[in-house]
Amino acid sequence: MNRRKSLIWQIPFLILLILGTVFIVIQQRNMPYRTNRGLIFGTEYTITYQSDKDLGKEMEQALLHVDSSLSPFNPHSLITKMNNNQDTVADKMFTDVYRIARKVSEDTHGAFDITVAPLVNIWGFGFKEGTTPDKHAIDSLLQFVGYEKVRLDNDGRLHKADPRLLLDCSAVAKGYGCDVVANVLRRHDVQNFMVEIGGEVVTCGVSERRLPWRIGVTRPNEDPLQTAQELQTVLNVTDKAMATSGNYRNFYYKGGKRYAHTIDPSTGYPVEHSLLSATVLARDCATADAYATSFMVMGIDRAREVLARHPELMAYFIYSDSEGKNAVWYSDTLRDKIAE
């Protein structure tokens with residue numbers, strides 16, 4: 001009898017709990033999706049999220065903080081001071097990125113290297129002017145390239161084997177910026193969002209259509225005016241980070257084959273393999289960004305060896321086949337994410 005009375009007394013509270021849950025769900029479904037756009041790191045960003053508050057200013061400040069730490073083009077940034085050998089201490093953002101870069105560099109045997117910028121620059125100018133850097137110039141720069149030649153101590157002090165070494169985190173900064181913005185949104189309990197900075201993406205929940213976020217993978221082509229934006233495929237990406245590396249419109253030909261303008265940090269010369277674009281999905285975008293860059297250096301075969309060691313990573317590769325046509329390879333775990 002007492003147990004029956006107890007159950008009767010609990011019924012109103014259960015009803016209130018159910019009604020409260022239904023109210024929260026309805027309220028969230030009716031909450032508007034907002035979009036904030038802007039420029040950062042020399043590229044555009046788009047942030048779409050479901051919230052009753054405009055968080056644009058807070059997200060913009062977070063991105064400016066990343067820029068003030070990691071941009072080598074910002075004359076007042078922390079990384080610029082380190083490149084100029086000024087006495088300074090790493091902040092949390094620089095430390096985060098350095099540790100991710102170091103981990104991926106070691107895992108890929110140096111295919112990812114934040115000291116490679118001088119080589120990229122000399123080859124970039126060479127390609128634009130139709131010339132090839134000579135061996136002496138490349139060998140002289142190789143003295144100042146190598147991730148193992150820099151070390152960050154626990155006290156935040158950066159040590160270089162040679163003061164002429166330069167750091168450039170551009171190959172991971174956009175991805176890290178996406179992660180930083182995603183964390184701002186999570187702190188505000190935003191459950192549905194898509195953060196995109198220059199093609200690097202972090203997603204959570206669903207889009208305004210109540211479907212997984214659909215992210216396109218651009219097809220590599222040789223359109224110098226960048227007017228053609230054809231998609232190779234579209235991926236359903238939810239609660240994941242995605243980054244793509246590939247010189248979509250920068251190729252060179254050798255022996256009748258097409259190669260992307262990707263510099264191998266170990267040799268100082270452009271790679272000679274068929275991979276044209278590498279898309280990686282991971283838990284965080286900085287990691288996805290770093291591995292996507294690494295895979296462009298390594299090529300498909302070596303990249304697949306890395307993927308075999310990391311089941312948490314998924315990849316979608318576009319490469320040039322024996323007939324010079326675009327072909328694709330992707331992780332088995334990515335199969336159910338391909339929308340078209």
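A few remarks follow.
- Every condition in (1) under 17 Å from Ala286 (Cβ atoms); (2) crowded, with 17+ Cβ neighbours inside 10 Å; (3) in contact with a helix residue (DSSP H, G or I) (Cβ under 6 Å, 6 or more places away or on another chain) is met by Asp91 except one, and the failing one is (2).
- All positions within region 25-56 that are open to solvent by less than 90 Å² (accessible area, probe 1.4 Å) and touching a His at 6+ places or on another chain (Cβ under 8 Å): Ser51, Leu55
- Of all residues in region 149-176, those that are more than 12 Å from Asn84 (Cα to Cα) and at pLDDT 95 or above have Cβ atoms under 7 Å from Cβ atoms of residues that are among the hydrophobic types (A, V, I, L, M, F, W, C) and open to solvent by 70 Å² or more (accessible area, probe 1.4 Å), 6 or more apart or on another chain, in Lys149/Ala161.
- Residue in region 57-82 that is modelled with the lowest pLDDT, counting only those that are over 16 Å from Val180 (Cβ atoms) and open to solvent by 70 Å² or more (accessible area, probe 1.4 Å): Phe73
- Against the list (1) at negative phi; (2) open to solvent by 80 Å² or more (accessible area, probe 1.4 Å), the condition Asn85 fails is (1).
- Counted as qualifying within region 219-300 are the strands (runs of 3 or more DSSP E) with 1 or more residues that are touching a Gly at 6+ places or on another chain (Cβ under 9 Å) and at pLDDT 75 or above, namely 231-237, 241-245, 275-282.
- Of all residues making up region 70-87, the number that are touching a residue at least 12 places away in the same chain (Cβ under 8 Å) and not small (Gly, Ala, Ser): 8
- Filter pass, Val328 being within 22 Å of Val201 (Cα to Cα), aliphatic (A, V, I, L, M) and either in a loop (DSSP other than H, G, I, E, B) or open to solvent by 40 Å² or more (accessible area, probe 1.4 Å) (or both): yes
The values are calculated or read from the model by the stated rules, or taken from the named source; none is laboratory data. The structure displayed is predicted, hence computed values, not measured ones. Here the Cβ is made from the backbone with ideal geometry for all residues, glycine too, and neighbour counts use every protein chain on show. For accessibility, only protein heavy atoms count, side chains too; no ligands or nucleic acids. Shrake-Rupley method; radii C 1.70, N 1.55, O 1.52, S 1.80 Å.
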